[in-house]
Amino acid sequence: MKNRGLIERLDHGPVICAEGFLFEIEKRGYLSSGEFVPMVSLENPNALENLHRDFQHAGSDIVQAFTYNGHREKMRVIGKEDLLEPLNRAALKVAKKVATSPLGDEQNLMAGNISNSNLWKPNDKKSKLEVEKIFREMVDWAVDEGADILIGETFYYAEEAYVALKIMKETDLPTVITVAPYGQSFLRDGVSIIDTCKELEQRGGDVVGMNCHRGPNTMLPHLKEIRKILKCHVAGLPISYRTTEKNPTFFNLPDNNGCICSSPHETTFPTALDPMQCNRYEIGQFAKEAYNLGINYLGICCGANPMLIREVAEAVGLTVPASKYRENLENHYMYGKNKRLLKHIKDYRSKA
Ligand SMILES: [Zn+2]
């Protein structure tokens, strides 16, 4: 069976990576929103494996171990530090199992994953050392469990991203490093998005780019700039929500459709974003535009589901197992054109 490395694959065309496990596993009923701890690898490993398989079926080339937020500090917050290593190893094992039983003629790539620690404090040596330790132990477990690549993601401090990259580069695995600036459009330590990405390339990141926080509309302009300036492969994995110039991230996104509920939720994030979900065509258009710019590492972060991942894959010219079930309105009883469909039923369409 074929098993090319990440860079060889990217040199030859698009590579798809499904992210967004927190939101999708929460929707499936196996994780608490807000708290967002990936206990699913220990408590319901089958549910996690199912999601990986659904993403694989939809065309994800990378099986990213669900260890986002599964770091020592978060485990301390919920008082379960003793489960840190078991959680990480279980998530990595599930990912490895799926990656090594692909649906096509090539192995998937299993990715170890580190991310924003929420512990980073600028110019604080103690915080830096603690974050390094948090990253290093997770990277060690990933290597131990057979990761093919390492992904560092969702960093909103440039310096924290540099540290993540440094730790990942202590291994000889290919690295993907993506940043997730907030609404101010620079990293929280004041470094611009483009300067952070340039620095990450300089420091040896194999794939550099952006993920999370921003939807297609408010991420693409930055990706364009990054692609223009960087020489390495670029990654683009937006959230699947309709962010706007006024609200570039999903954190303060208002529900312009007018929420009709009387529940006391103060914000739409993270539990009432549903009405702002991009449809498949919007996601397909993003993927196509990004790919045409020369961005070969593509996916969706929060809000991703298998249907949208298939859309990304197909938008860049791939046919995936789930393509068999792409929409077919031809045989719809009212919208279709099939000869057997009754005229008086079809004619009623505008009043339906
Ligand atoms: Zn995300």
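The values are calculated or read from the model by the stated rules, or taken from the named source; none is laboratory data. Keep in mind that what you see is a predicted model, and the values were worked out from it rather than measured. FYI the Cβ positions are ideal-geometry reconstructions off the backbone, even for glycines, and counts take in every protein chain you see. Ligands, DNA and RNA are excluded from the accessible area calculation, which covers all protein heavy atoms including side chains. Shrake-Rupley method; radii C 1.70, N 1.55, O 1.52, S 1.80 Å.
Observations on the structure shown:
- Think of a 1.4 Å ball rolled over the protein heavy atoms: the chain then has 46 Å² of accessible area per residue.
- Note on the stretch 155-235: with neighbouring protein chains present and a 1.4 Å probe, carbon and sulfur make up 45 percent of its accessible heavy-atom surface.
- The angle separating the long axis of helix 45-57 from the principal Cα axis of greatest extent in the chain is about 60 degrees.
- Within the accessible area of the stretch 1-116 (1.4 Å probe), percent carbon and sulfur: 45 percent
- Contact order for the chain, expressed relative to its length and based on alpha carbon pairs under 8 Å spaced 6+ residues apart, stands at 18 percent.
- Global form of the stretch 222-352, assessed from the alpha-carbon gyration tensor, a/c cut-off 1.5: oblate
- The long axis of helix 193-202 is offset from the longest Cα principal axis of the chain by roughly 60 degrees.
- Rounded if a/c under 1.5, otherwise prolate or oblate - the stretch 185-278, Cα gyration tensor axes: prolate
- Across all Cα pairs in the stretch 1-87, the calculated P(r) in 5 Å bins from zero up to the longest distance comes to 3, 13, 22, 20, 15, 11, 10, 5, 1, 0 percent per bin.
- Computed in the context of the full set of protein chains, the accessible area of the stretch 253-295 at 1.4 Å probe radius has 50% of its extent on carbon or sulfur.
- Where GluC sites (Glu not before Pro) fall in DSSP loop in the stretch 15-118, at most 14 other Cβ within 10 Å: Glu35
- Among the trypsin sites (Lys or Arg not before Pro) in the stretch 65-128, those placed in a DSSP loop whose Cβ has at most 15 other Cβ atoms within 10 Å are Lys80.
- Among beta bridges from DSSP that stay inside the chain, the antiparallel ones total about 10%.
- Largest accessible area first, the residues Asp144, Asp206 order themselves as Asp144, Asp206 under a 1.4 Å probe with ligands, DNA and RNA left out.
- Taking every protein chain into account, the 1.4 Å probe leaves Leu103 with about 100 Å² of accessible area, to the nearest ten.
- Neighbour count of at most 14 Cβ within 10 Å plus DSSP loop: longest chymotrypsin sites (Phe, Trp or Tyr not before Pro)-free window in the chain: 1-250
- Amide H to amide H, with H built 1.01 Å from N, Met110 comes under 5 Å of Val63, Asp148, Ile149, counting only residues 5 or more places away or on other chains.
- The Cα-based radius of gyration of the chain, divided by its Kirkwood radius, gives an Rg/Rh of 0.98.
- DSSP-loop trypsin sites (Lys or Arg not before Pro) across the stretch 224-259, with at most 16 other Cβ within 10 angstrom: Lys231, Lys246
- Helix content alone sets the calculated 222 nm mean residue ellipticity of the chain: runs of n ≥ 4 DSSP H residues at -39500 (n - 2.57) each, divided across all residues, give -11500 deg cm²/dmol.
- In order through the stretch 78-95: 3J(HN,Hα) via Karplus (6.51 cos²θ - 1.76 cosθ + 1.60), integer Hz, x for Gly, Pro: 9, x, 10, 4, 5, 8, 4, 5, x, 4, 4, 5, 5, 5, 5, 5, 4, 4
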